[in-house]
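The block underneath contains the structure these notes are about, expressed in structure tokens.
The values are calculated or read from the model by the stated rules, or taken from the named source; none is laboratory data. Keep in mind it's a predicted model, so treat the numbers as computed, not measured. These area figures cover heavy atoms from the full protein model, side chains too; ligands, DNA and RNA do not enter into them. Shrake-Rupley method; radii C 1.70, N 1.55, O 1.52, S 1.80 Å.
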Amino acid sequence: MARVTPAEARALADADAVLVDVREPDEWASGHAPGALLAPLSALTAGETLPRTAQGRPVVAICRSGKRSREAAALLTARGTDVVDVIGGMRAWTQAGLPVVTESCPTTSSDRT
């Protein structure tokens, strides 16, 4: 499974990949990468699909520290998704000086198929 640095993740997201944050909604709302979609690992392991806008696109999985994103990447790879995870997660993203936004948690169920 491929792993990328936060800078590489941002470059992939600036190209065609979609950044998928696999943390829980409260964690996501407290600060996430701009343009990231929320798809909690707990929902993915329960059988939920990726948000519609992420389906069929390369995915960059991110969490707080890199543990859940590795789990999500393994799960999504097994489902046929082209996915990499971010080494060090949002902690490393923030330490690299990359932008972080805060906003209310989106309703993810309406964006699922």
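Over the chain, what relative contact order in percent results from Cα pairs under 8 Å that are six or more residues apart?
36
Bin all alpha-carbon pair distances of the chain at 5 Å intervals from 0 and give each bin's fraction as a whole percent.
For the chain, the binned pair fractions read 2, 14, 27, 28, 20, 8, 1, 0 percent.
For segment 84-89, what does the Karplus curve 6.51 cos²θ - 1.76 cosθ + 1.60, with θ = phi - 60°, yield as ³J(HN,Hα) per residue in whole Hz, taken in order and with x for Gly and Pro?
Coupling constants for segment 84-89: 10, 10, 8, 5, x, x Hz.
For segment 1-111, report the accessible area per residue in Å² (1.4 Å probe, heavy atoms, rounded to an integer).
48
Once neighbouring chains are kept in place and the probe is 1.4 Å, which whole percent of the accessible area of the chain is contributed by carbon and sulfur?
Here it works out to 53 percent.
How big is the antiparallel share of DSSP beta bridges in the chain, given as a percent to the nearest 5?
10
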